[in-house]
Amino acid sequence: MLVPVFFRGMDTSENGLLLEGGAVLLGALLGLAASSFMRFEYDAARQQAFSRTGVAFVAAWVAITVAKLSFSYGSTHWFGRALGTWMYENAISPDAMRAAFIFLNIATMLARVCVIYFGGRRVAREAGAAHGVLQKAPSRLAG
């Protein structure tokens, strides 16, 4: 919802694209790692898949959020000069850094959503196969 407010474009320079692509990859990996603590079950009575999480799931998401907030705060208050020097020496524009941070957050969220979607489908498919509910679709090929 806030992306249009902060997103001002991507940096299409070599280092800018590397930073942005790396942020997408890191975000996806963080989302997948945190979501690995999620378990899926299927309620046959309601014919619905659901997920279960616990303390490890919450701790992982809190750690990820604290790390992102710490970087955001630290880039202004703790290590702003060092970050600025690194950005200058590596030809990283402020737009690239901003886009990378936005992409990191979006990729983290999308990874979690994908894990929920595919995990739910997997347990529903397994439950259907175990109970003979799912049937093979008729083939359209004449043969």
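Per-residue answers, yes or no, for (1) farther than 21 Å from CYS114 by Cβ; (2) within 19 Å of the chain's Cα centre (by Cα); (3) acidic (Asp, Glu):
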{"residue": "GLY27", "(1), (2), (3)": "no, yes, no"}
{"residue": "ALA33", "(1), (2), (3)": "no, yes, no"}
{"residue": "PHE37", "(1), (2), (3)": "no, yes, no"}
{"residue": "ALA44", "(1), (2), (3)": "yes, no, no"}
{"residue": "PHE50", "(1), (2), (3)": "no, no, no"}
{"residue": "VAL58", "(1), (2), (3)": "no, yes, no"}
{"residue": "TRP61", "(1), (2), (3)": "no, yes, no"}
{"residue": "GLY74", "(1), (2), (3)": "yes, no, no"}
**Q.** Scope the stretch 59-100; condition in a helix (DSSP H, G or I), under 15 Å from ASN15 (Cα atoms), touching a helix residue (DSSP H, G or I) at 6+ places or on another chain (Cβ under 8 Å) and open to solvent by 50 Å² or more (accessible area, probe 1.4 Å); matching residues
**A.** PRO94, ASP95, ARG98
Q: State all residues of the stretch 20-52 that are farther than 21 Å from ALA96 by Cα, part of a helix (DSSP H, G or I), open to solvent by less than 50 Å² (accessible area, probe 1.4 Å) and of a type in the set (A, V, I, L, M); if no residue qualifies, say none.
A: ALA34
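The values are calculated or read from the model by the stated rules, or taken from the named source; none is laboratory data. What you see is a predicted model; the values in this text were computed from it and never measured. Reconstructed Cβ throughout: ideal geometry from the backbone, glycine too, with neighbour counts over all protein chains shown. Only protein heavy atoms, including side chains, enter the accessible area calculation; ligands, DNA and RNA are left aside. Shrake-Rupley method; radii C 1.70, N 1.55, O 1.52, S 1.80 Å.
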